[in-house]
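Written out below as structure tokens is the structure these notes cover.
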Amino acid sequence: MSISGQNISIVIVTLKSEHVIHQCLESIGKDIPIIVIENSNNSNFKSDLEAKYQNVKCVISKENLGMGAGNNLGIKLAKTNYVLILNPDVTLESNTLNELFLASKKIKDFSILSPLSANSQSPNYNYATPKKRIDIKNEEPFRVEYVDGFAMLFNKENFKDGKFFDENFFLFLENHDLCKRVIEKGENIYIAPRAKINHAGGKAINEKFNEEIEFCRNWHWMWSRFYFNKKHFGIVKAIGNGFLSYLSSIFKILFYLLIKNKFKKNIYFNRASGFYNALLGRRSWQRPNLED
């Protein structure tokens, strides 16, 4: 199995990412086709990108699809057999793509191949067995059970059913769900340790929206955790894993209401609301208000 610059595309999902996207694009180079999915109706963003980068096609979704659905759209639009999805707040090193290409030649088959986080204190992979460790000093590709979604290279041949990310997830755990399904099908996920990637982490959206994003994250963490557990382990585990957090959130709403801490009150209101809506079987409807 061999990847080259001729059979790979890159997909990047953005939302209010003007402050970081250029560093990401410039680290990729001009020879690889790039599809940017902008989760808004920002036509100026599209015009600016396509004017500056001849290898970039920007698609305006007109609504906030979330990371999973946005990546699905980009993957389906890509005409190549292999697609590397990236977050806009990542940058590649000068040899990252070449090292991914070389690693692919050493692997018989894979569904997902990922570069290695350059930050050794924050690995972008894990195993089913927590105590399991691989000596990455030999720099050979190695199998894992999970990789973070900020950098994933897909072999589309192993996804002929078109089932990449579960679009019911808007935020959180869509990567865990995808990797779990890949492993359960008996397919392989690899890390290419010589291919390094830098991830700023949480910098994809302009910092002026931090408060609104924090409310959204708390809502979707509770909703997604419930949905993930219900999908894979059943309703009893979904309730058991979230109910105490739900009760705790209710008490904290009352406490922060009494001491007039509006920010904290809204944090726990969103947590409680996320769990409650998931329990009732409602879709993940909450969206951040990112109007300037």
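Residue check: is D161 of a type in the set (D, E, K, R), closer than 21 Å to G74 by Cα and buried (at least 17 other Cβ atoms within 10 Å of the Cβ)?
no
Every residue in the range 248-292 that is at pLDDT below 95 and either hydrophobic (A, V, I, L, M, F, W, C) or part of a helix (DSSP H, G or I) (or both), please.
Listed by number, the list holds a single entry, L290.
All but one of (1) in contact (Cβ under 8 Å) with a residue 24 or more places away in the chain; (2) over 26 Å from N7 (Cβ atoms); (3) exposed (fewer than 15 other Cβ atoms within 10 Å of the Cβ) hold for A51; state the number of the condition that does not hold.
With respect to (1) in contact (Cβ under 8 Å) with a residue 24 or more places away in the chain; (2) over 26 Å from N7 (Cβ atoms); (3) exposed (fewer than 15 other Cβ atoms within 10 Å of the Cβ), A51 is out only on (1).
Looking at the range 35-115, what helices (runs of 4 or more DSSP H) fall wholly within it and have at least 2 residues that are among the charged types (D, E, K, R)?
Passing ranges, in order: 43-52, 96-105.
Which residues, counting only those in the range 16-34, are not in a helix (DSSP H, G or I) and not aliphatic (A, V, I, L, M)?
K16, S17, E18, H19, G29, K30, D31, P33 - these are the residues of the range 16-34 that are not in a helix (DSSP H, G or I) and not aliphatic (A, V, I, L, M).
Across the range 172-188, what is the total count of residues that are in a loop (DSSP other than H, G, I, E, B), touching a helix residue (DSSP H, G or I) at 6+ places or on another chain (Cβ under 8 Å) and either surrounded by 21 or more Cβ atoms within 10 Å (Cβ to Cβ) or at positive phi (or both)?
Adding up the residues that qualify gives 2.
Scan the range 208-226 for residues that are over 17 Å from the mean Cα position of the chain (by Cα) and either within 18 Å of F150 (Cβ to Cβ) or part of a loop (DSSP other than H, G, I, E, B) (or both) and report the count.
Count: 0.
Take the residues of the range 182-217 that are of a type in the set (D, E, K, R) and in contact with an Asp or Glu (Cβ under 8 Å, 6 or more places away or on another chain): which is farthest from N155 (Cα to Cα)?
The extreme case among them is K203.
The values are calculated or read from the model by the stated rules, or taken from the named source; none is laboratory data. Since the model is a prediction, treat every value here as computed from it, not as a measurement. With ideal geometry, Cβ positions are generated from the backbone for all residues, glycine too; neighbour counts draw on all protein chains shown.
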